[in-house]
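**Q** Please read through the structure below; I'll follow up with questions.
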Amino acid sequence: MKKHIFNAGPSLLADEVYESAIKAIQDFDGSGISILSISHRTPAFDAVMNEADALFRELLQIPDNYKIFYIGGGASTFFYEVAANFLGTKAAYVNTGVWSKKAIKEAKRYGEVEVIASSEDKNFNYIPKFEAPKGVDYLHITSNNTIYGTEYHYDIDAEVPVIADMSSNILSRPIDVSKYAMIYGGAQKNLAPAGVSFAIIREDMLDKIVRDLPTMVSFKTHVDNNSMFNTPPVFPIYVLKESLKWLKSIGGVEEIYRRNVEKAELLYDEIDRNPLFKGTVEKDSRSLMNICFVMAEGYEELAPAFMEYTKEHGIVGIKGHRLVGGFRASCYNALKKESVEVLVKCMQDFAAKYAK
Ligand SMILES: *Cc1c(COP(=O)(O)O)cnc(C)c1O
């Protein structure tokens with residue numbers, strides 16, 4: 001049966017990307033050698049890195065005074081590395097859930113952390129309003145909250161450097177990169193298999209590193225060595241490049257944003273219309289990527305049956321995170337509208353059968 005993969009991460013990739021990954025494992029670019037066994041210090045892999053760089057820049061319109069680099073270790077490694085590199089005295093953080101909290105915890109090892117806004121009072125079901133702070137080393141935000149299904153629908157204007165964890169909504173919508181000093185994330189939500197994390201950093205930030213750091217922790221190491229100070233995650237970077245190529249081929253960020261809005265509206269409209277379900281997030285904070293909903297009052301006991309019914313229709317990965325409960329449909333770039341339609345049909349079938 002055809003599967004509809006709503007996993008929160010690692011998540012699905014485009015069909016074309018799977019195909020080129022398979023080909024490259026068998027024979028990388030006609031070299032007769034698998035991508036899994038090539039040296040990263042070869043012209044052929046240089047070409048992969050250069051193409052990824054050019055595509056990333058083109059798709060997000062990244063200005064020339066920004067550098068892109070890759071590391072292993074996940075977004076979680078950036079939680080402490082951001083603070084190690086840039087937190088001299090005080091940094092401001094917005095607390096919008098689990099990932100923000102983890103970033104805050106790591107930052108506290110290096111200096112004072114001021115949490116300038118939080119949505120913890122309502123189980124993180126909205127993006128809190130705040131005034132951009134002044135006189136801090138940087139402001140840190142989590143642009144999309146994968147677990148709670150909330151998302152900033154705007155870029156932040158601030159005098160201080162803005163650093164954003166964009167693990168789960170990178171390249172899903174247009175953004176103004178020039179408003180950020182640094183953007184980072186794990187690539188396994190929208191771009192690649194697990195194993196590589198990306199960073200886009202404004203060059204002047206590299207002169208603002210506040211302490212002497214272990215070589216691997218300093219962002220300067222990775223920028224100066226073009227992500228090749230040590231062995232980079234060769235295969236995940238190759239797949240990331242293929243995802244960028246796919247994104248360009250379908251019309252870039254404008255087109256994927258149009259598709260993401262279309263998919264999200266389809267599902268949110270059904271959640272709002274269907275008496276059996278209700279959304280968990282305030283409407284103006286709803287994420288296009290992670291759509292959270294629960295059974296409506298009086299229908300709670302139907303949750304396991306609904307889960308089972310969707311499974312019978314090939315739907316995978318919609319169990320909600322334990323901190324929210326219910327369901328979470330992660331609708332990343334590569335998810336087709338057809339998959340959302342199957343889920344919506346399951347919800348309609350259920351309402352036809354059980355609505356009181
Ligand atoms: C998944 C996720 C992380 C954690 O990423 P790892 O690569 O597993 O460390 C951090 N932030 C956000 C917003 C995420 O969605």
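**Q** Between D284 and K90, how many nm apart are label points set 7 Å from Cα along the C-beta direction?
**A** About 2.8 nm, to one decimal.
**Q** What shape does the chain have by the C-alpha gyration tensor, where a ≥ b ≥ c are the square roots of the eigenvalues, rounded means a/c under 1.5, and otherwise prolate means a/b greater than b/c and oblate the rest?
**A** Oblate.
**Q** Okay, moving on. Test of understanding: in a Gaussian network model of the chain with alpha carbons linked when under 10 Å, which of I170, I141, I156 would top the mean-square fluctuation ranking?
**A** Looking only at I170, I141, I156, the largest GNM fluctuation is found for I156.
**Q** Please list, by residue number, everything in segment 1-41 whose backbone N is under 16 Å from a paramagnetic label point 7 Å out along Cα→Cβ of D349.
**A** Hits in segment 1-41 for D349 at 16 Å: 1-5.
**Q** Can I ask one more? Label segment 99-158 by shape, choosing from rounded, prolate and oblate, from the square roots a ≥ b ≥ c of the eigenvalues of the Cα gyration tensor; if a/c is under 1.5 it is rounded, and otherwise prolate applies when a/b is larger than b/c, oblate when it is not.
**A** Taking the square roots of the gyration eigenvalues as a ≥ b ≥ c, segment 99-158 is oblate.
**Q** At R0 = 25 Å, how high is the FRET efficiency between A194 and E262 if r is their beta carbon distance? Nearest 0.05 is fine.
**A** FRET efficiency, A194 to E262: 0.35.
**Q** So which of K241/K319; K278/K337; K3/K337; K122/K319; K245/K337 end up more than 25 Å apart by C-alpha?
**A** Distance filter (> 25 Å) returns K241/K319.
**Q** Given the -39500 (n - 2.57) contribution per DSSP H run of 4+ residues, what per-residue ellipticity at 222 nm results for the chain, rounded to the nearest 500 deg cm²/dmol?
**A** Value at 222 nm, helices only: -11500 deg cm²/dmol.
**Q** For a quick protection proxy, order the peptides 257-269, 231-243 by their average other-Cβ count within 10 Å, most packed first.
**A** 231-243, 257-269
**Q** Specify the inter-centroid distance of segment 147-179 and segment 291-356, based on alpha-carbon positions, in whole Å.
**A** Using only Cα atoms, the two centres lie 28 Å from each other.
**Q** Calculated FRET efficiency, A132 and T42, Cβ-Cβ r, R0 35 Å, to nearest 0.05?
**A** That gives a FRET efficiency of 0.20.
**Q** If the only charges are +1 at each Lys and Arg Cβ and -1 at each Asp and Glu Cβ, what is the size of the charge dipole of the chain around the Cα centre, to the nearest 20 debye?
**A** The dipole of the chain has a size of about 700 debye.
**Q** Please label the shape of segment 88-206 as rounded, prolate or oblate, based on the square roots a ≥ b ≥ c of the eigenvalues of the alpha-carbon gyration tensor (a/c under 1.5 means rounded; beyond that, a/b larger than b/c means prolate, else oblate).
**A** rounded
**Q** Estimate the FRET efficiency between Y154 and K356 by the formula 1/(1 + (r/R0)^6), using the beta-carbon distance for r and 45 Å for R0, to the nearest 0.05.
**A** With R0 = 45 Å, the Cβ-Cβ based efficiency is 0.65.
**Q** Let me know the charge dipole size of segment 1-150 about its Cα centre in debye, to the nearest 20, where only the beta-carbon of Lys, Arg (+1) and Asp, Glu (-1) is charged.
**A** The dipole of segment 1-150 has a size of about 640 debye.
**Q** Summing +1 for each Lys or Arg and -1 for each Asp or Glu, what net charge is found among the other residues whose Cβ lies under 13 Å from the Cβ of P63?
**A** Taking every Cβ under 13 Å from that of P63, the sum is -1.
**Q** Once fully extended, how much extra length lies between E19 and V217, figured as 0.36 nm per residue of separation less the alpha-carbon to alpha-carbon distance?
**A** Separation in residues times 0.36 nm, less the Cα-Cα distance, equals 67.8 nm.
Any read-out appearing in this document is the output of simple, stated calculations on the displayed coordinates, not a laboratory observation. Treat the numbers as computed from the prediction; the structure is a model and nothing was measured. When we count neighbours, we look across all protein chains shown, and the Cβ atoms used for this are built from the backbone with ideal geometry, even at glycine.
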